[in-house]
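One structure below.
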Amino acid sequence: MKIGLLIIDLQHVHLEEEPVEKSLLNKACMHINYVSELLRSQGHVIVHIQDIEGMDDSNQASYDIISDIQIKEGDLKLTKEIPNAFWQTELEDMLRSRGVELLIIAGFAAEHCVLFTFNGARERGFKSVILQDGIVSAKQDVINSTYRDRNLISYPVIEALVQQG
């Protein structure tokens, strides 16, 4: 089964607007980078998603993905202006053309773009899960409710899936 990892909106501008506890962000980045490398090593799909709503020539650098997230050659990039990364983008086509069936969703913010993209994936028939310890928000209670109310996957389970081939 082909797996896709969507890394959503881990950008300077968003993390400055809604500051996240540093230890939570560090933990999420560590999990995201570990899972990214694991999936890359087996030919799975990594997509870095950037919300560019409000970007212009004067503030482009602030819309960059934070340096704590590793971007490697072969990773895909997608820009969006709507919380749901599937809405009015080519994301669905990108994933289907690569045979992706399972989507692991990570990033910022749990209550906004992560949740909307998770729902958008489900609406389009993708098996979708949230990466445990891979989402962030300025509000801890939102993370807890996201974990409680959505399907989760931990990195040991991802390791087992990848080993099974």
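List of remarks:
- The residue list 13, 35 contains one member that is among the β-branched types (Val, Ile, Thr), under 20 Å from residue 77 (Cβ atoms) and out of contact with any strand residue (DSSP E or B) (no Cβ under 7 Å at 6 or more places or on another chain), which is 13.
- Residue check for residue 106: in a loop (DSSP other than H, G, I, E, B) and in contact (Cβ under 8 Å) with a residue 60 or more places away in the chain: no
- Taking segment 4-46 as the range and being out of contact with any Gly (no Cβ under 9 Å at 6 or more places or on another chain), within 14 Å of residue 159 (Cβ to Cβ) and among the polar types (S, T, N, Q) as the test, the residues that pass are 36, 41.
- Scanning segment 132-153 for any residue that is more than 15 Å from the chain's Cα centre (by Cα), surrounded by 17 or more Cβ atoms within 10 Å (Cβ to Cβ) and part of a helix (DSSP H, G or I) turns up at least one such residue.
- Where a residue in segment 140-165 is free of Cβ contacts under 8 Å to residues at least 24 places away in the same chain and its partner, wherever it lies, is basic (Lys, Arg), with Cβ under 8 Å and at least six apart: none
- Among the candidates 93, 57, 51, residue that is among the acidic types (Asp, Glu), buried (at least 19 other Cβ atoms within 10 Å of the Cβ) and either modelled with pLDDT under 95 or more than 18 Å from residue 146 (Cα to Cα) (or both): 51
The values are calculated or read from the model by the stated rules, or taken from the named source; none is laboratory data. For clarity, every value in this text was computed on a predicted model and none was experimentally measured. All Cβ positions, glycine included, derive from the backbone under ideal geometry; neighbour counts span all protein chains shown.
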